[in-house]
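Here is the structure we will look at.
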Amino acid sequence: MRGQRTERLVRLAAKFMLCPSKLISLTDLASKFNVSKTVISDDVEVINSAMGAEGFGQMQVDRGRSGGARFVPICTPEYRQTLLSEIAEKLTDPERNLPGGLIYYSDLIFNPETALSLGYCMASLFTDAEPDVVMTSEVKGIPIAMFAAYALGVPLAVCRFRNRPSDGAAVGVHYPTASGDVKTMYIGTRQMRRGCRVLIVDDFMRGGSTASGMLLMAKQFDAEVASIGVFIAYDEPKEKSVPNYHSLLTLKHNAEGQNRLVVTPGKE
C-alpha cells in the first residue's frame, strides 16, 4: 500500500508540473488512480508541502462543484534571491564585458535549465496578472519568455524584425529607437487575438525602445497590457520609453566603469 501511494504521489506531481497553471479535475484523478477524491486531496496537500519546501511553487485547489487543483510557479523570496544572486555573480565576470557597457549572457539564457528557472521566476511576478498570452521579441527574448508562458499556462507570441512568408499574414509597426532611428517589427495575425490580455517579456532593457514597440504592437490588436517583465534592466537612462516594468536584475556601473549586477527587489 505504501509503495502504491509513493508511486501515485510521484505520478501526480509529474502530471501537475508538466502542465503548470492548468486546472486538473480531482474527480478525474480519483477515477484514474481508483481511489477516493479525499485520498487525492490528501496527496495534493503532500505535494504542496514538498513544493513549498523547495521554494519554487505551490498547489492551488478549486473547491468548486467538480473540484480541481493546479501547480502555480510562485517562487519564494529565498529561492528568487539565491537563483538570481548566483546568475548575477556569473555575469560579473570581467570576461563577459562587451563594448558599450553590455555583458554577454546568451550562454545562460539559452541553457534550458537556467532558462526554465528564470521563466518560473519571471512568471511568479505575474501570477495575479492573468495574461492570455506572453509577447516577446526575437531572438534573445524567446527562451525566458517561452518558459514564463509555459509556467503561466498560456501561449507565446513572438515579434520579429523581418516578416517571413511562413508566418502568414502579419501586422507591422514602426517605432523609434534611442539613437533616433526607426525600426519595424512584425507579428503574425494568428498569434494574437483581439482584446486579449498581454504580458510583455524581454531579455534586456536600456532605453525601452523594443518594449515600447511591443506596446504599439499590442495596441494594434486592442490588447490590454497586463505588465512588462525584463531579465536585465540597465539603470541608465532613468527615464525609459515605457511607463512601468519589473526586472529580475539591474545592471549598474561603478566609478571605475565596471559592470555590477544587483537583484531587483520583487513586487510587493
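The values are calculated or read from the model by the stated rules, or taken from the named source; none is laboratory data. Since the structure is predicted, the reported quantities are computational estimates derived from the model, not experimental observations. Please note: Cβ atoms are built from the backbone with ideal geometry, for glycine as well, and neighbour counts cover all protein chains shown. With ligands, DNA and RNA removed, areas are computed over all heavy atoms of the protein, side chains included. Shrake-Rupley method; radii C 1.70, N 1.55, O 1.52, S 1.80 Å.
Considering (1) open to solvent by 50 Å² or more (accessible area, probe 1.4 Å); (2) part of a strand (DSSP E or B), say which one residue 175 fails and leave the rest.
All conditions pass for residue 175, except number (1).
Would you point out which residue out of 207, 188 is of a type in the set (Gly, Ala, Ser) and under 30 Å from residue 101 (Cα atoms)?
207
May I ask you to list the residues in the stretch 151-185 that are within 20 Å of residue 204 (Cα to Cα) and under 11 Å from the mean Cα position of the chain (by Cα)?
Matches in the stretch 151-185: 156 only.
Given the structure, is residue 78 within 25 Å of the chain's Cα centre (by Cα) and either among the β-branched types (Val, Ile, Thr) or surrounded by fewer than 13 Cβ atoms within 10 Å (Cβ to Cβ) (or both)?
Here the answer is yes, as residue 78 does meet what is asked.
Can you tell me which residues in the stretch 14-23 are under 19 Å from residue 127 (Cβ atoms) and either among the small types (Gly, Ala, Ser) or buried (at least 18 other Cβ atoms within 10 Å of the Cβ) (or both)?
Going through the stretch 14-23, the residues under 19 Å from residue 127 (Cβ atoms) turn out to be 16-23.
Residues satisfying the conditions are 16, 20, 21.
The conditions are (1) surrounded by fewer than 17 Cβ atoms within 10 Å (Cβ to Cβ); (2) among the hydroxyl-bearing types (Ser, Thr, Tyr); (3) in contact (Cβ under 8 Å) with a residue 40 or more places away in the chain, and residue 6 fails exactly one of them. Which is it?
Failing condition for residue 6: (3).
Take the stretch 83-111 and flag every residue that is open to solvent by 50 Å² or more (accessible area, probe 1.4 Å), touching a helix residue (DSSP H, G or I) at 6+ places or on another chain (Cβ under 8 Å) and in a helix (DSSP H, G or I).
Within the stretch 83-111, just 90 meets the criteria.
Tell me, which residue of the stretch 211-259 that is open to solvent by 40 Å² or more (accessible area, probe 1.4 Å) and among the hydroxyl-bearing types (Ser, Thr, Tyr) is farthest from residue 156 (Cα to Cα)?
Among those that are open to solvent by 40 Å² or more (accessible area, probe 1.4 Å) and among the hydroxyl-bearing types (Ser, Thr, Tyr), it is 241.
When only residues in the stretch 124-150 that are buried (at least 20 other Cβ atoms within 10 Å of the Cβ) and of a type in the set (Ser, Thr, Tyr) count, which is farthest from the chain's Cα centre (by Cα)?
The qualifying residue farthest from the chain's Cα centre (by Cα) is 137.
Can you name the residue in the stretch 178-198 that is open to solvent by 30 Å² or more (accessible area, probe 1.4 Å) and not in a loop (DSSP other than H, G, I, E, B) and, of all such residues, is nearest to residue 128 (Cα to Cα)? Even if it seems obvious, please write down each step before you answer.
Taking the stretch 178-198 and keeping what is open to solvent by 30 Å² or more (accessible area, probe 1.4 Å), we get 178-184, 186, 189-191, 193-195, 197.
After this cut, where a residue has to be not in a loop (DSSP other than H, G, I, E, B) as well, the list is 182-184, 186, 189-191, 197.
Details: 182: 35, 183: 33, 184: 32, 186: 28, 189: 27, 190: 26, 191: 23, 197: 12 Å.
Checked the stretch 178-198; the qualifying residue nearest to residue 128 (Cα to Cα) is 197.
Quick check, is residue 121 open to solvent by less than 10 Å² (accessible area, probe 1.4 Å) and part of a helix (DSSP H, G or I)?
yes
The conditions are (1) at pLDDT 95 or above; (2) open to solvent by less than 40 Å² (accessible area, probe 1.4 Å), and residue 46 fails exactly one of them. Which is it?
Of everything listed in (1) at pLDDT 95 or above; (2) open to solvent by less than 40 Å² (accessible area, probe 1.4 Å), residue 46 misses just condition (2).
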